[in-house]
Each structure stands twice: as structure tokens, then as C-alpha cells.
């Protein structure tokens, strides 16, 4: 039976590299799969998933209005016509999907019997859960943390938003697309020190 899986971790924990490696392995074994990512993530182009290691591949961009279940079902019908069947769906930056789209992914698993693997963040720069990630914690069959280490050696937990001077930003919209120039992953203790010192370079 297919499962809904969620692999979560802080920024810079190699989640996207994990997805791309999985996609490569599927390709090598001729396993039909589809790679998706939310349209709001435009860092590497609208239809590209790219890791910091420089590995990339094309993907399908998912808008907030898209019915993922309907789109995958139609795609699968086309594949079946070609004597094949979609077996896996891999999704990058899943935290940017809507709650309804997470529900639709669970339908893909339950009614189309297609495996779904989601990769994304658990919490935002305020250490609060993204709605889509929360929904995945409620629905996923399997949940796995992709661990990374803070500069102090402890496990990272918080995705800290910083400005060009390295100062922490504690207010603003939940979603702000960016990479290492805007975010640093820290353990809880270093995050607390950062909020008191207001400058990453003082830690």
C-alpha cells in the first residue's frame, strides 16, 4: 500500500539533495515518478529544483489554485495509455502548499495508490509551524527528520531570518523566499542568544 511521507529539516540540511538523489535512483531503475514544487519558490526558476551542490532537474510548478489530485490523476491516465503507471510523487518545499493541497496529496496515496514523498521545513523564522507542515504531521504515514548541526555542534531547530548586516529579523510575513543570504539554521540555544544579542557575529 502507498504511503504519505514527510521528510522535514531546517534550511541547509540537504533536503533538496535528498529529493534529487531519490529522483536519480528512480530514473536509473525506470520507476515512473513526478517532481513538484510550489510556484512561490522562484529562486532557481519556475520549473527547476536545484540543490546547493549544483544538482538540478526539471519539475512541475504547483500554483495555490491547482488541484494536485486532479492533475496527478490526469497525468497518470496519460501514462497508463503508454503502458506505464506513475509510482512516486516527490515534492520540494512542501511547506508552501495549501492545507487543501496536503489533503489532496493524501487522496493521491489513498485512492490512486501512488507513493508521495514530501520534503520541507517544519517551522518558520519565528519557530512557528507552517500550516501545510502542520497538516502533514496530522496526516502523514511516515515522518522523518533530516538532521543538521549548528555551528556549536547541537542539532539545528530554528530557521533564523537575518538582514544584510547579520542582524536577526523577528517581524514580517511568514513567507520570504531566500537562501543563505537571508536565513541561518541554528539550535534553540544559539537562537535564544541571537535574539538577545541581535547580531549573529556576536555568538
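State all residues of segment 1-26 that are touching a helix residue (DSSP H, G or I) at 6+ places or on another chain (Cβ under 8 Å) and within 15 Å of residue 120 (Cα to Cα); if no residue qualifies, say none.
4, 6, 7, 8, 9 - these are the residues of segment 1-26 that are touching a helix residue (DSSP H, G or I) at 6+ places or on another chain (Cβ under 8 Å) and within 15 Å of residue 120 (Cα to Cα).
Evaluate segment 51-60: report whether one residue or more is surrounded by fewer than 16 Cβ atoms within 10 Å (Cβ to Cβ) and under 13 Å from residue 112 (Cα atoms).
No, that holds for no residue.
Report, ordered by the first and then the second residue, all pairs with beta carbons closer than 8 Å, sequence separation of six or more or different chains, a first member in segment 131-156 that is on the phi > 0 side of the Ramachandran plot and without any contact (Cβ under 8 Å) to a residue 12 or more places away in the chain, and a second member that is assigned to a helix (DSSP H, G or I) and exposed (fewer than 15 other Cβ atoms within 10 Å of the Cβ).
Taking only residues 6 or more apart or on different chains, not a single pair turns up.
What are the residues in segment 65-100 that are within 15 Å of the chain's Cα centre (by Cα) and either at pLDDT below 95 or surrounded by 16 or more Cβ atoms within 10 Å (Cβ to Cβ) (or both), if any?
Passing the criteria: 89, 90, 91, 92, 93, 94, 95, 96, 97, 98.
Could you check, for segment 133-142, whether at least one of its residues is at pLDDT 85 or above, closer than 24 Å to residue 43 by Cα and assigned to a strand (DSSP E or B)?
no
Taking the conditions exactly as written (at pLDDT 85 or above, farther than 24 Å from residue 41 by Cβ and not in a loop (DSSP other than H, G, I, E, B)), does residue 190 satisfy them or not?
yes
Tell me yes or no: at least one residue of segment 112-134 is touching a strand residue (DSSP E or B) at 6+ places or on another chain (Cβ under 7 Å), over 22 Å from residue 49 (Cβ atoms) and surrounded by fewer than 14 Cβ atoms within 10 Å (Cβ to Cβ).
Checked segment 112-134: at least one residue is touching a strand residue (DSSP E or B) at 6+ places or on another chain (Cβ under 7 Å), over 22 Å from residue 49 (Cβ atoms) and surrounded by fewer than 14 Cβ atoms within 10 Å (Cβ to Cβ).
How about segment 27-37: which of its residues are more than 11 Å from residue 89 (Cβ to Cβ) and either in contact with a helix residue (DSSP H, G or I) (Cβ under 7 Å, 6 or more places away or on another chain) or part of a helix (DSSP H, G or I) (or both)?
Restricting attention to segment 27-37, the residues satisfying the condition of being more than 11 Å from residue 89 (Cβ to Cβ) are 27-31, 37.
Result: 27, 28.
Within segment 25-52, work out how many residues are in contact (Cβ under 8 Å) with a residue 24 or more places away in the chain and closer than 23 Å to residue 75 by Cα.
Number of matching residues: 13.
The values are calculated or read from the model by the stated rules, or taken from the named source; none is laboratory data. Given the structure is predicted, the values throughout are model-derived calculations rather than measurements. A quick note on method: Cβ atoms are made from the backbone with ideal geometry, for glycine too, and the neighbour counts reach across all protein chains shown.
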